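Each reported figure results from applying straightforward, stated rules to the coordinates on display, with no laboratory input. Quick caveat: nothing in here was measured; it's all calculated off a predicted structure. Note that each Cβ is placed from the backbone with ideal geometry, even for glycine, and that neighbours are counted across all protein chains shown.
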Amino acid sequence: MYRKKLPIGIQSFREIREEHYYYVDKTPLALRLINQGKYYFLSRPRRFGKSLLLDTLAELFEGNKPLFQGLYADEHWDWQRKSPVIRISFGGGVLRNRQELDLKIDELLSVNQAALSITCQQISAAGRFAELIRQAHAATGERVVVLVDEYDKPMLDNLSHPEIAKEVQDGLRNLYSVIKDMDAHIRFAILTGVSKFSNVSLFSGLNNLNDITVDAHYSALCGYTDTDIDTVFAPELAGLDREQIRFWYNGYNWSGESVYNPFDVLLLFDKRQFKPYWFETSTPTFLVNLLTQRGFFTPDLARRQTSMELLSTVNIEHINSDALLFQTGYLTLHKVEEVLTGMWVYTLGYPNHEVETSLNSALLSGYGVDGQKAFMNRLKLLQLLKAADCAGLKDLFSAFFDSIPHEWYRNNPIAHYDGHYASVFYSYFAALGLPIILEDTSNQGRIDMTVHFAGQIYLFEFKVVELSAQGRAIQQLKDKNYADKYRTEGEPIHLIGVEFSREQRCVVGFAVESL
């Protein structure tokens, strides 16, 4: 089969088409977008193809038909009608304050003026932007298309400095509010980014946007579907385990069809090795610090329930953990339910193996665990589980907490949360990508954690001795007959009661009963 070039990191639609790279045809969805509305907002995680989508829209509106030969738009678009396009992108560089933002806006407006051969007389950013739109309409007789990429990046760059972030937000709001006022001169507008900031702040002057982030029709607007992998990229599949590709990289969902992160898939086809390519492009230091500071119970990462009101916005003054995890791509939609008329519940979880293992590995550093020690502990854990060495597990579990320096406990509030101990424990297992069932339901109650691996079944119960009598963990496993659920599987079952002391900051009880 003929193999084309892989468009790794390429955001130019023209280059992809002219240089014969692989391209997944998104023009059916693009035309649906254009034909059914005018103002849109789309949030997707980084490296998901947002910039390529906007570049494709630009080429479409500018009427560059040869680039679309053989694509859906070739036969379904009015190529006689061309529109002036204004492109604004904050994707490049880091803007550290309002002054740098103002300079960047001035640069972007100047570039668009030159591209459209327009001279503006206004001085202020909002005034120039409005004049640019009006003059472009007047000069061409066609209303203007406005494409804004990475609209939120200047704020995200400054989230650790809220006062600066607010000043930057004010500058962006001043710019974006022009779009609503220029309605008579605009044919189409879309803003894309990672996060959606609260309506009472950034979008207060732009409340006419149709947010298609979790619209089932556009779930696959960015990213590759299973069908795309099996057809467009069929020449690349030889020698790769198709189920492993799905297990590692599929699973991102915005209430419709699940997709793969393009960056992961393209690098897999290039390197021919399964690795966390997307995660490694940017360690989520801010996210890890935020979760650990808040005492986030990491086992909940596998099954979070929330509302769209909380999920769809980010407020500079208080960043909702679920919203941040969802919008940045570390959690995705697993289920959407209407529990009462108009009351929707959204269940979140990891999208795939890559994110589950990589995020939990990163979280261990947030708990103060030295990176090298954490890696060696995970390697040892894997070896002991394969050997069903429960005696060896006891020493290793103690090593989990011994590897956290006492200085860390003094400086981090999470150390005072009882869930901290179970979080560290769980993250070690999750970082290996082992098959874990949390709060495993039986007819007698719920098992804290079940691990089914290498022909063995491990049932864990966690207790904090300051809150429960010592020895209670293993006793609960036996009293509630939790093993009964798995006896018919014919595999060895190990009941493991783990008890922590928040005063001594270590494992003080470890009991095993093998059946």
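Here are the numbers for this structure:
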| read-out | value |
| --- | --- |
| Reachable lysines, given that their alpha-carbon falls under 20 Å from the alpha-carbon of Lys478 and they are not under 8 places away in the same chain | Lys394, Lys463 |
| Relative contact order (%) - criterion: Cα under 8 Å, at least six apart; region: segment 424-478 | 21 percent |
| Prolate/oblate/rounded call for segment 25-218, Cα gyration tensor, a/c under 1.5 rounded | oblate |
| Under 19 Å from Lys480, Cα to Cα: aspartates and glutamates that are on another chain or at least 8 residues apart | Glu439, Asp440, Asp448, Glu461, Glu489, Glu499, Glu513 |
| Convex hull volume of the chain per residue (C-alpha atoms, cubic angstrom) | 169 Å³ |
| Taking segment 129-260 and dividing mean pair separation by its residue count, relative contact order in percent (alpha carbons under 8 Å, at least six apart) | 24 percent |
| All lysines inside 18 Å of Lys180 as judged from Cα atoms, apart from same-chain residues fewer than 8 positions distant | Lys38, Lys196 |
| Computed over the chain: relative contact order in percent, which uses C-alpha pairs under 8 Å that are six or more apart | 11 percent |
| Net +/- balance of residues flanking Asn64 in space, Cβ distance below 12 Å, scoring K and R +1, D and E -1 | -1 |
| At R0 = 41 Å, FRET efficiency that the Cβ-Cβ distance of Arg487 and Leu467 yields, to 0.05 | 0.85 |
| Gain upon complete extension [Thr227, Thr347; 0.36 nm per residue less C-alpha separation] | 40.7 nm |
| Total formal charge among the other residues, if their Cβ is under 14 angstrom from that of Val512, Lys/Arg +1 and Asp/Glu -1 | -3 |
| Hydrodynamic radius (Kirkwood) for segment 285-349, which is based on Cα pairs only, to one decimal in Å | 12.4 Å |
| Segment 210-309: Cα Rg divided by the 2.2 N^0.38 Å rule of thumb | 1.27 |
| Fully extended contour minus Cα-Cα distance, from Asn97 to Arg134, at 0.36 nm per residue | 10.4 nm |
